[in-house]
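Undergrad: One structure, as structure tokens, below. Some questions next.
The values are calculated or read from the model by the stated rules, or taken from the named source; none is laboratory data. Because the structure is a prediction, the values reported are computed rather than measured. Here the Cβ positions follow ideal geometry from the backbone for every residue, glycine too, while neighbour counts run over all protein chains shown. What goes into the accessible areas is simple: the full protein's heavy atoms, side chains included, and nothing from ligands, DNA or RNA. Shrake-Rupley method; radii C 1.70, N 1.55, O 1.52, S 1.80 Å.
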Amino acid sequence: MDKKKITNMEVKKKNRNDVFRYLCRHGTVSNPDISYALKLSLPTTTQITKELIEKGLVEEKGELQSTGGRRAKALAVSDNAGKAVGLDITKNHISLVLTQLTGRILRYERIFLPFASEDCYYQEVNQKLEDFLKECGCEREHVLGIGISFPGIIDLKEALVADSHILGVSYLPFSSISRYFAWPCHFLNDANAGAYAEGIQSESIERFFYLSLSNTVGGAVYSNGRLEQGENYRCGEVGHMTIVPDGKVCYCGKYGCLDAYCSAKCLSDGKLEDFFQRLKEGEAEAAGLWDKYTSYLAIAVNNIHMVLDCDIVLGGYVGSYMGEYIQDVREKVSERNTFGEGGSFVRSCSHKTGAAALGASLKVIELFMEQV
């Protein structure tokens, strides 16, 4: 009897969760729409949306157009249901994003703020965040939490940043960062956060590898709504995969790492957009640099695909410019590919700006969703 009761409770929770997710993804809909899409009875659907309205998560917004019968009530996620903050920390900048439960970005801002493992740095980050929320007109009580994207190995079991070569910190407890903020904090590796932004809002992508090409190179495996972490939370750390034995020195101190050949800094020490403008204009120096860059990138992409046999998404700073140049990479990958796949498994990222900050905020939303 107890087992059956628990099972029934679990079914009700799953149905409620599915209905709320459907509302978040599809905007303004009706009970019949939800009932048909989720294969739930109309009475069950109506009862669930009633509960969600009582919780303040959903609200009625008039009526939908008639399709021949009585007009159905229009339902949508409440604007006051909750919002999530994403914070992406890098060596020289922080990025802030505020999103609704639907995943819609309300505001994004990138701020120059060099990292320092000091109290004054985190205090300033918190002040920037407070100012950001005021400018958004976001009430403090509506913030569900902060997702923090951090470049390094994020050990979720020990609740600490195990190592970040680029920031020069190790064994940094989450609590030593979260204590500066007024909301619950959730930590992700920056490449994982970018992958999460790419995958969690898609209904068609089941599995892919996200290759983050920013001022450092990272990666993440996204599979069926989850990030594969690895035994030591290092899954996807391809930036330190050797592609040239005894090659150029990497910031990690080793030689020949992918990061030394395919970080954004390999294309430009200044604004990356300036490099791509020169490339677009046909400048010979830029074209030569791009040819060299994509040759090394193709080696890495093909190797990753051979191991994982899934799509490769190019993200990060370089990936955001990759759209019109993706064929350059595909052709070089195709030349290396044993199975004649044509490189069609390589594609550019969907989120061109602030993907890591967005992914961090979406993680907060997902954790909230699981409790609905």
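Undergrad: Please compute the length gained on full extension between Glu281 and His142, using 0.36 nm multiplied by the number of residues separating them and subtracting their Cα-Cα distance. Show your work: numbers first, answer last.
TA: On the way: separation 139, 0.36 × 139 = 50.04 nm, distance 4.69 nm.
Difference between extended and current length: 45.3 nm.
Undergrad: At 1.4 Å probe size, with no ligands or nucleic acids counted, give the accessible surface of Val307 in Å², nearest ten.
TA: Spelled out: Val307, probe radius 1.4 Å, area about 120 Å².
Undergrad: Need one value: the accessible area of Ser344 in square angstrom, 1.4 angstrom probe, rounded to the nearest 10.
TA: Its heavy atoms expose roughly 90 Å² to the probe.
Undergrad: Okay, next question. Give me the distance between the Cα centres of region 155-231 and region 301-338, rounded to whole Å.
TA: Each part's Cα centre sits 21 Å from the other's.
Undergrad: So, one more: Helix 284-308 versus the longest principal axis of the chain: what angle, 0 to 90°, nearest 10, using Cα atoms?
TA: Once rounded, the angle reads 60 degrees.
Undergrad: Put +1 on the Cβ of each Lys and Arg and -1 on the Cβ of each Asp and Glu in region 60-156; which of His93, Gly82, Asn126 then has its Cα farthest toward the positive end of the dipole?
TA: Gly82
Undergrad: Compute the FRET efficiency between Tyr255 and Glu231 as 1/(1 + (r/R0)^6), taking r as their Cβ-Cβ distance and R0 = 25 Å, and round to the nearest 0.05.
TA: Details: r = 26 Å, r/R0 = 1.03.
Between Tyr255 and Glu231 the formula returns 0.45.
Undergrad: Express as a percent, rounded to the nearest 5, the fraction of DSSP beta bridges in the chain (both residues included) that run antiparallel.
TA: On the way: 38 of 57 bridges.
Bridges in the chain that DSSP calls antiparallel: roughly 65 percent.
Undergrad: Moving on to the next point. Order Tyr210, Tyr233, most accessible first, counting only protein heavy atoms with a 1.4 angstrom probe. Kindly include the intermediate steps, with their values, before the conclusion.
TA: On the way: Tyr210 5, Tyr233 55 Å².
Ranked list, largest accessible area first: Tyr233, Tyr210.
Undergrad: What FRET efficiency would be calculated for the residue pair Tyr22, Glu158, taking the C-beta separation as r and a Förster radius of 45 Å, to the nearest 0.05?
TA: Numbers: r = 37 Å, r/R0 = 0.81.
My answer for the efficiency is 0.80.
Undergrad: When only Cα pairs under 8 Å and 6 or more residues apart are kept, what is the percent relative contact order across region 193-337?
TA: Numbers: 209 pairs, mean separation 35.8, N = 145.
Reported as a whole number, the value is 25 percent.
Undergrad: So what's the gap between the Cα centers of region 255-288 and region 13-64, to the nearest angstrom?
TA: 48
Undergrad: Exactly which chymotrypsin sites (Phe, Trp or Tyr not before Pro) in region 268-372 are in a DSSP loop and have at most 10 other Cβ atoms within 10 Å? Write out the running numbers ahead of the final one.
TA: Working: sites: Phe275, Phe276, Trp290, Tyr293, Tyr296, Tyr317, Tyr321, Tyr325, Phe339, Phe345, Phe368; in loops: Tyr321, Phe339, Phe345.
Those satisfying the criteria are Phe339.
Undergrad: Could you grab the relative contact order for the chain? Cα pairs under 8 Å, six or more apart, rounded to a whole percent. Mind dumping the intermediate values first?
TA: On the way: 683 pairs, mean separation 61.3, N = 372.
Rounded, it is 16 percent for the chain.
Undergrad: Given the peptides 135-147, 347-359, arrange them by the average over their residues of other C-beta atoms within 10 Å, most packed first. All intermediate terms of the calculation are to be shown ahead of the outcome.
TA: Details: 135-147: 16.2, 347-359: 23.4.
Ranked by mean Cβ neighbours within 10 Å, highest first: 347-359, 135-147.
Undergrad: May I ask you to compute the full-extension gain from Lys73 to Lys13, defined as 0.36 nm times their residue separation minus their alpha-carbon distance, rounded to one decimal in nm? Don't skip to the answer; put the middle values down first.
TA: Details: separation 60, 0.36 × 60 = 21.60 nm, distance 2.33 nm.
Taking 0.36 nm per residue and subtracting the Cα distance, the gain is 19.3 nm.
Undergrad: Tell me which of Gly145, Cys24, Tyr108 sits at the most positive position along the dipole axis of region 1-158, charges placed on C-beta atoms (Lys, Arg +1; Asp, Glu -1).
TA: Cys24
Undergrad: So, one more: Quick check: residue separation of Glu135 and Thr102 times 0.36 nm, minus the Cα distance between them. What number comes out in nm? Please report the intermediate quantities before stating the final value.
TA: On the way: separation 33, 0.36 × 33 = 11.88 nm, distance 2.06 nm.
Extending this stretch completely gives an extra 9.8 nm.
Undergrad: With every protein chain kept in the model, how would you rank Glu109, Glu206 by accessible area, 1.4 Å probe, largest at the top? It would help to have the intermediate numbers written out before the result.
TA: Numbers: Glu109 60, Glu206 125 Å².
If we order Glu109, Glu206 from most to least accessible, we get Glu206, Glu109.
Undergrad: Would you calculate the separation in nanometres between label points at Tyr180 and Arg207, each defined as 7 Å from the Cα along the Cα-to-beta-carbon direction?
TA: Simple spin-label model gives 3.9 nm for this pair.
Undergrad: Working from Cα positions, state the angle (0 to 90°, nearest 10) between the long axis of helix 326-336 and the longest principal axis of the chain.
TA: 60
Undergrad: Where in region 5-24 does the label zone of Lys39 land, with the point 7 angstrom along Cα→C-beta and an amide N cut-off under 20 Å?
TA: Answer for region 5-24: 8-23.
Undergrad: If you average the sequence gap of Cα pairs under 8 Å that are 6 or more apart and divide by the length of region 148-255, what percent do you get for the contact order?
TA: Numbers: 160 pairs, mean separation 21.9, N = 108.
After rounding, I find 20 percent.
Undergrad: With a Förster radius of 30 Å, plug the Cβ-Cβ distance of Gln371 and Asn126 into 1/(1 + (r/R0)^6) and report the FRET value to the nearest 0.05. Please report the intermediate quantities before stating the final value.
TA: On the way: r = 26 Å, r/R0 = 0.86.
Calculated transfer efficiency: 0.70.
Undergrad: Taking every eigenvalue of the Cα gyration tensor of the chain, multiplying by 5 and rooting it, what semi-axes result, largest first, whole Å? Before the final figure, lay out each step's value.
TA: Working: eigenvalues 305, 127, 83 Å².
Each semi-axis is the square root of five times an eigenvalue, giving 39, 25, 20 Å.
Undergrad: Might you tell me the accessible area per residue for the chain, computed with a 1.4 Å probe and given in Å²? Please list the in-between numbers first.
TA: Values: 18530 Å² over 372 residues.
Per residue, the chain has 50 Å² of solvent-accessible surface.
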